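Below: the structure, in structure tokens.
None of the figures in this text is laboratory data; all of them are computed from the coordinates on show. Since the model is a prediction, treat every value here as computed from it, not as a measurement. Virtual Cβ from ideal backbone geometry, glycine too; neighbours counted across all protein chains shown.
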Amino acid sequence: MNISSKVIRDLFPILHQKVKCRPLVYLDSAASSQKPIQVIEAMKLYYEWNHANVHRGVHTLAFRATEAYEAARLKTARFLHAKSEKEIIFTRGATAALNLVASSYARAVCKPGDEIIISEMEHHSNLLPWQQAAKATGAVLKYIPLQPNGTFSIEDVKKTITARTKVVSVSHVSNVLGMANPIKEMAAIAHKNGAVLVVDGAQSAPHFKVNVQELDCDFYAIAGHKMCGPTGIGVLYGREALLEQMEPNEYGGEMIEHVGLFDSSWKELPWKFEGGTPIIAGAIGLGAAIDFLEQVGMDNVAKHDEHLTRYAVERMKEMEDLTLYGPEDGRLGLITFNLKSIHPHDVATVLDTFGVAIRAGHHCCQPLMRHLDVVATARASFYLYNTEADVDQFLFALEKTIAFFQE
Ligand code: PMP
């Protein structure tokens, strides 16, 4: 990176602590990233100086809060390369963004016998909304078949999507396998068949430049808390023409134009999807996170995360009794693995005694776990504040764990 990861690390107050008497090595960013001082300060400034409700007040604080909230939307539109800020809807997270599409788009469009297509590698947040939408509409839920390593081929995508398909929804980057799916090619296949492509970008937007126009996807969901922003904020990007034809999924204050006793009308985009007092501080925090990531440069973030992942994988490949999951190449920012005969929860617990934080469990991907024939796995994930020294400490702790259980 142009800015060294040591300088970046210094901007994250939480990383400067000891856990179990050792310097914290935080390798759980795929679950939630840490926050730089800029994001913490932006939210502090908002609450200490600019807080008021947005859009409806005419006083100075209401004006400042509205300006800051809408400025965050503009930044997000630029970050995702959307055509217009009207296409950016703030939600509670990626889960809420995907649910919004499933309720407001799929449930309106799908008829019995139509198809909704997903894959078994999906996070539950990109599986359950479609399961429910299929049940509610009579649509058929179809899965793109997976190869033994959990990935799917573009040939299988072509075979699975048909003229009856209305929605295809896949993750850009898998939170277990770590590689990117061929979104642009999938968008072309979906469109050729008259379907829309929904992308779960929770694990991609933190790591590399996303250009929704270039990808030609119809919806794209992101999670603020995984990309240096606060919890409780996410984004749904949607193509303007599609959002226009969708009904809101929540009704109440803020999202109306006119309210009658028996009928009402909605505000224009994007506000018709933001009923109630919006997530003002969250959006402002996300805006600050985007400023920070852009200052570092998303290409630099991608290069750094790829480098650390490769650096770790090369050494993990040499470890006896260690199984890596996912494809050989192309992991970006995360490594999923198991140690023979040691439950991943035990691995994570022992690593914690070395100050190393990793994730263990099914990672909200139970169908993928079954496909890989495991009940759970361990996962180490890297981000822009991690260093080679972090990876060294992680691998050292891993070797000690193996030795401990061999005794
Ligand atoms: N999709 C993927 C691939 C994820 O990794 C996650 C977070 N674990 C989500 C969706 C859900 O995101 P959120 O926590 O913002 O609802």
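Whole percent per 5 Å bin, from 0 to the bin with the longest distance: what is P(r) over all C-alpha pairs of segment 10-62?
Calculated P(r), rounded to whole percents: 4, 16, 16, 16, 13, 10, 10, 7, 5, 2, 1.
What does the charge count around Gly229 come to, taking other residues whose C-beta lies under 14 Å from its C-beta (Lys +1, Arg +1, Asp -1, Glu -1)? Spell out each step's value before the answer.
Values: positive: Lys35, Arg73, Lys75, Arg92, Lys226; negative: Glu41, Asp291, Glu294.
Taking every Cβ under 14 Å from that of Gly229, the sum is +2.
Tell me the angle of helix 183-192 to the major Cα principal axis of the chain, expressed in degrees between 0 and 90 and rounded to the nearest ten.
The helix 183-192 is inclined about 40 degrees to the chain.
Taking the alpha-carbon distance from Lys340 and a cut-off under 16 Å, which aspartates and glutamates remain once sequence neighbours fewer than 8 residues away in the same chain are dropped?
Leaving aside aspartates and glutamates fewer than 8 places away in the same chain, those within reach of Lys340 are Glu318, Glu320, Asp321, Asp373, Glu399, Glu407.
Which of the peptides 249-256, 336-343 is most tightly packed, and how do the rest follow, judged by the mean count of other Cβ atoms within 10 Å per residue? Walk me through the intermediate numbers first.
Details: 249-256: 15.1, 336-343: 17.8.
Those peptides, ordered most packed to least, come out 336-343, 249-256.
Considering the options Gln17, Tyr46, Met319, tell which one lies farthest towards the positive end of the dipole of the chain, charges being +1 on Lys and Arg and -1 on Asp and Glu at the Cβ, about the Cα centre.
Of the options given, the answer is Tyr46.
What does the convex hull of the alpha-carbon atoms of the chain project to on average, in nm²? Provide the component values of the computation, followed by the final result.
Details: hull surface 82.8 nm².
Averaged projected area of the chain's Cα convex hull equals 20.7 nm².
Could you list Tyr385, Tyr237 in order of exposure, starting from the residue whose Cβ has the fewest other Cβ atoms within 10 Å?
Values: Tyr385 23, Tyr237 27.
Lowest to highest Cβ neighbour count: Tyr385, Tyr237.
For the chain, what proportion of DSSP beta bridges, expressed in % and rounded to the nearest 5, is antiparallel? Intermediate results must be reported in sequence, preceding the final value.
Details: 27 of 46 bridges.
Close to 60 percent.
Straight-line reach only, C-alpha to C-alpha below 19 angstrom: list the aspartates and glutamates that Lys272 could link to, leaving out same-chain residues fewer than 8 apart.
Leaving aside aspartates and glutamates fewer than 8 places away in the same chain, those within reach of Lys272 are Glu67, Glu70, Glu85, Glu87, Asp218, Glu240, Glu244, Glu247, Glu250, Glu254, Glu257, Asp263.
Within 10 Å, count the other beta carbons around each residue, average over each peptide in 324-332, 36-44, and list them highest first.
36-44, 324-332
Checking the table Lys184/Lys303; Lys135/Lys226; Lys83/Lys166; Lys209/Lys267; Lys184/Lys267; Lys317/Lys400 against a 28 Å threshold on Cα-Cα, which pairs fail? List each step's numbers first, then the result.
Values: Lys184/Lys303 21 Å; Lys135/Lys226 31 Å; Lys83/Lys166 24 Å; Lys209/Lys267 31 Å; Lys184/Lys267 32 Å; Lys317/Lys400 16 Å.
Check vs 28 Å cut-off fails for Lys135/Lys226; Lys209/Lys267; Lys184/Lys267.
Angle check, please: helix 128-137 long axis (alpha carbons) against the longest principal axis of the chain (alpha carbons), in degrees 0 to 90, nearest 10.
Here the helix axis deviates by roughly 40 degrees.
If packing is taken as the average number of other Cβ atoms within 10 Å across a peptide's residues, how do 142-154, 211-223 rank, most packed first?
Working: 142-154: 16.0, 211-223: 22.4.
Descending packing order for the listed peptides: 211-223, 142-154.
Once you list every other residue whose beta carbon is under 9 Å from the beta carbon of Met179, what net charge do they have if Lys and Arg are +1 and Asp and Glu are -1? Write down the numbers at each step before the final one.
Details: positive: Arg331; negative: Asp329.
Overall, the nearby charge balance is 0.
Rounded to the nearest 500 deg cm²/dmol, what is the calculated helix-only ellipticity per residue at 222 nm for the chain, with -39500 (n - 2.57) per DSSP H run of length n ≥ 4? Each step should come with its number before you reach the end.
On the way: 14 runs with 151 residues, N = 407.
The helix contribution divided over the chain gives -11000 deg cm²/dmol.
Percent of Cα-Cα pairs per 10 Å bin, from 0 to the last occupied bin, for segment 48-110, please list those.
Spelled out bin by bin, segment 48-110 gives 20, 33, 34, 11, 2 percent.
So for Trp130, Trp271, Trp266, fewest C-beta neighbours within 10 Å to most, what's the order? Write out the running numbers ahead of the final one.
On the way: Trp130 25, Trp271 19, Trp266 16.
So the residues, fewest neighbours to most, are Trp266, Trp271, Trp130.
On the principal axes of its Cα set, how long, how wide and how thick is segment 243-382? Give whole Å, largest value first.
Principal-axis extents of segment 243-382 (Cα, largest first): 69, 38, 30 Å.
Give the aspartates and glutamates reachable from Lys158 as a straight Cα distance under 13 Å; neighbours fewer than 8 places away on the same chain don't count.
Answer for Lys158, where 13 Å is the Cα cut-off: Glu185, listed by chain and number.
Taking a ≥ b ≥ c as the square roots of the Cα gyration tensor eigenvalues, with a/c under 1.5 meaning rounded and otherwise prolate when a/b beats b/c, else oblate, which class fits segment 102-261?
Values: a/c = 1.78, a/b = 1.21, b/c = 1.48.
Taking the square roots of the gyration eigenvalues as a ≥ b ≥ c, segment 102-261 is oblate.
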